[in-house]
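One structure below.
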Amino acid sequence: MKVAVIGAGPAGMTAAHELAKHISTVDVYEAGDSVGGLAKSIELWGQTVDIGPHRFFSSDRRVNEAWLEVVGQDYEMVDRLTRIYYKNRFFHYPLKPFDALKNLGLWEATKCMTSFFTEKIIPTKQDNSFETWVTSRFGKRLYQIFFKTYSEKLWGISCKELDADFAAQRIKKLSLWEAIKNGFLGGKGNKHKTLVDQFAYPVGGTGMVYKRMEEAVRKKGGHVFLNTPVERIITENGKVKGLQLKDGTIREYDYIVSSMPMTLMVSRLPDVPQHILDLNKKLKFRNTIIVYLNVEEKNLFPDNWIYVHSSEMLTGRITNFRNWVPELYGKHESTIMALEYWCYDQDDIWTWTEEKLIALGTKELESTGLISKGKISAGKIYRIPRCYPVYDNGYKDNLKPVENYLSSIENLLVIGRYGAFKYNNQDHSILMGLMAAENIIKGTKHNLWDINTDYDSYQEESVITKTGLERTIA
């Protein structure tokens, strides 16, 4: 059996890692110069940083065992500290009631609680939008302060145009009462993923996981072809036949596991019905620009990352890589910060020069007061096209027929954030990779589309602690 895996991100590398244990010919094709996808790590100014902040947390034993298999003991438990920057103030996230009360002031806090109780008496009519979904659980005032601005920065559309699926997948069953209870109990007994206050982190950066998977695949006789983009998948009579590389080379395979962006893949498949192509064109991805800044100070502020809700700033999130594990920075005395900006291809900022983006990031970082008198000595820009699948209103009506069409192609398995058009965390993508490999190796019929859609599909089986797996509630 010959299997090709397109894309070397978390989903693709996990699939290849599992397949290589059982199949002699496993070939991974990656368009970039290294594995890891959105979860890769890079070297900057002698230090290691991720492509934005990445925390790993799962309660699924299969995912945790796969992660620990490659990481071993080379990880630390990181205490999470994240805050929200709003109107020149910093609010703890998850919510700490007294901190929120102090920052909001008694009058604003009263308005928030009044808004919340009003919602319970006169509920907002649901229209399947992110706005009404969040308002119904937190009240209009808290929605406007803690959800609206950040979400609209991320997606570039009004929250009225954002599908409630985004909230259902990312916020899930979180309510104001659960957030308040979590704040008073200090996170003890909390099982809500959004509120987790500690996570496992590899000492070599998040990308270390996928580099080790790459090494394991090669040792098993598989291949990982870097800087080798796939042009298209070749099918014949509704079944996978092989693939064509960008340089025109054609290679035959029995199965193809694809995590290349769905919109690109579908547009290049042969004999796709016109109505599927038309629906595929309506699916959109959001781009990310990361501005890395090297600040010549080492003790700036304690957060892992900060969500920027202030509307006067374009950045949406600021990461401080010195607050993860010491192995990332070693003996260096400086701090690497990352500011994230989100846009579409047609937005002006996507084509800004590196100098202009560094100047913007510098200005906005200094305006927060976070770096005090720390001198910014260098900057670097990292652009990520097609980073986030956009859940705009009606996206499911466009996506479902495309899913059904892809499912009809025999021996094609579509996985990952890009490939399945799902806003996955690492654990979702790892699980997709595991289940895709099992479908090929064992002939199982796991529905890969259900992962990160069936919100209650995870059992609370185990969590990773410093000493390994700890069983929770089965």
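The values are calculated or read from the model by the stated rules, or taken from the named source; none is laboratory data. No experiment lies behind these values; they were computed from the predicted model shown. Methodologically, a virtual Cβ is constructed for each residue, glycine included, from the backbone with ideal geometry; neighbour enumeration extends over all protein chains shown.
Would you call residue 266 in the same structural domain as residue 19 (by TED's automatic domain parsing), out of contact with any strand residue (DSSP E or B) (no Cβ under 9 Å at 6 or more places or on another chain), in contact (Cβ under 8 Å) with a residue 40 or more places away in the chain and within 19 Å of residue 385 (Cβ to Cβ)?
It is true that residue 266 is in the same structural domain as residue 19 (by TED's automatic domain parsing), out of contact with any strand residue (DSSP E or B) (no Cβ under 9 Å at 6 or more places or on another chain), in contact (Cβ under 8 Å) with a residue 40 or more places away in the chain and within 19 Å of residue 385 (Cβ to Cβ).
So residue 405 clears everything in (1) of a type in the set (Phe, Trp, Tyr); (2) assigned by TED's automatic domain parsing to the domain that holds residue 43; (3) outside any helix (DSSP H, G or I) except one condition, right? Which one?
Evaluating residue 405 over (1) of a type in the set (Phe, Trp, Tyr); (2) assigned by TED's automatic domain parsing to the domain that holds residue 43; (3) outside any helix (DSSP H, G or I) leaves (3) as the failure.
So for region 45-53 (the condition being in contact (Cβ under 8 Å) with a residue 40 or more places away in the chain, in the same structural domain as residue 223 (by TED's automatic domain parsing), assigned to a strand (DSSP E or B) and under 21 Å from residue 432 (Cβ atoms)), does at least one residue qualify? Give the derivation first.
Here is the first cut: in region 45-53, the residues in contact (Cβ under 8 Å) with a residue 40 or more places away in the chain are 45-53.
Within this subset, residues satisfying the condition of being in the same structural domain as residue 223 (by TED's automatic domain parsing) are 45-53.
Narrowing further to those that are assigned to a strand (DSSP E or B): 47-50.
Okay, now just the ones that are also under 21 Å from residue 432 (Cβ atoms), so 50.
Scanning region 45-53 turns up at least one residue that is in contact (Cβ under 8 Å) with a residue 40 or more places away in the chain, in the same structural domain as residue 223 (by TED's automatic domain parsing), assigned to a strand (DSSP E or B) and under 21 Å from residue 432 (Cβ atoms).
Looking at region 344-367, which of its residues are more than 23 Å from residue 40 (Cα to Cα), within 25 Å of the chain's Cα centre (by Cα) and either assigned to a loop (DSSP other than H, G, I, E, B) or assigned by TED's automatic domain parsing to the domain that holds residue 155 (or both)?
Result: 346, 347, 352.
Using the structure shown, decide if residue 318 is on the phi < 0 side of the Ramachandran plot, part of a strand (DSSP E or B), within 21 Å of the chain's Cα centre (by Cα) and in contact (Cβ under 8 Å) with a residue 40 or more places away in the chain.
Details: on the phi < 0 side of the Ramachandran plot: yes; part of a strand (DSSP E or B): yes; within 21 Å of the chain's Cα centre (by Cα): yes; in contact (Cβ under 8 Å) with a residue 40 or more places away in the chain: yes.
The answer is yes for residue 318.
Could you tell me which of the residues 328, 279 is under 16 Å from residue 48 (Cα atoms), of a type in the set (A, V, I, L, M, F, W, C) and at pLDDT 95 or above? Give the derivation first.
Numbers: 279 fails: under 16 Å from residue 48 (Cα atoms).
The unique qualifying residue is 328.
Between 4, 31, 16, 66, which is modelled with pLDDT of 90 or more, in contact with a helix residue (DSSP H, G or I) (Cβ under 7 Å, 6 or more places away or on another chain) and either in a strand (DSSP E or B) or over 15 Å from residue 202 (Cα atoms) (or both)? Spell out how you get there, then give the answer.
Values: 4 fails: in contact with a helix residue (DSSP H, G or I) (Cβ under 7 Å, 6 or more places away or on another chain); 31 fails: in contact with a helix residue (DSSP H, G or I) (Cβ under 7 Å, 6 or more places away or on another chain); 66 fails: either in a strand (DSSP E or B) or over 15 Å from residue 202 (Cα atoms) (or both).
When all the criteria are applied, what remains is 16.
Residues of region 275-315 being free of Cβ contacts under 8 Å to residues at least 40 places away in the same chain, outside the structural domain of residue 44 (by TED's automatic domain parsing) and farther than 25 Å from residue 383 by Cβ, which ones?
298, 299
Every residue, every condition in (1) over 30 Å from residue 335 (Cα atoms); (2) more than 20 Å from the chain's Cα centre (by Cα), yes or no:
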position	(1), (2)
45	no, yes
53	no, no
65	yes, yes
79	no, no
90	no, yes
94	no, no
101	yes, yes
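Can you confirm whether region 381-394 contains a residue that is surrounded by fewer than 15 Cβ atoms within 10 Å (Cβ to Cβ) and out of contact with any helix residue (DSSP H, G or I) (no Cβ under 9 Å at 6 or more places or on another chain)?
Yes.
Among the residues of region 390-409 satisfying the criterion of being of a type outside the set (S, T, N, Q) and closer than 12 Å to residue 163 by Cα, which is modelled with the lowest pLDDT? It would help to see each step written out before you state the result.
Here is the first cut: in region 390-409, the residues of a type outside the set (S, T, N, Q) are 390-392, 394-397, 399-403, 405-406, 409.
Now restrict to residues that are closer than 12 Å to residue 163 by Cα: 390-392, 394-397.
Details: 390: 95, 391: 93, 392: 94, 394: 89, 395: 94, 396: 93, 397: 95.
The residue in question is 394.
Checking the structure you have, find out if any residue of region 331-338 is buried (at least 21 other Cβ atoms within 10 Å of the Cβ) and either under 18 Å from the mean Cα position of the chain (by Cα) or at pLDDT below 95 (or both).
There is at least one residue in region 331-338 that is buried (at least 21 other Cβ atoms within 10 Å of the Cβ) and either under 18 Å from the mean Cα position of the chain (by Cα) or at pLDDT below 95 (or both).
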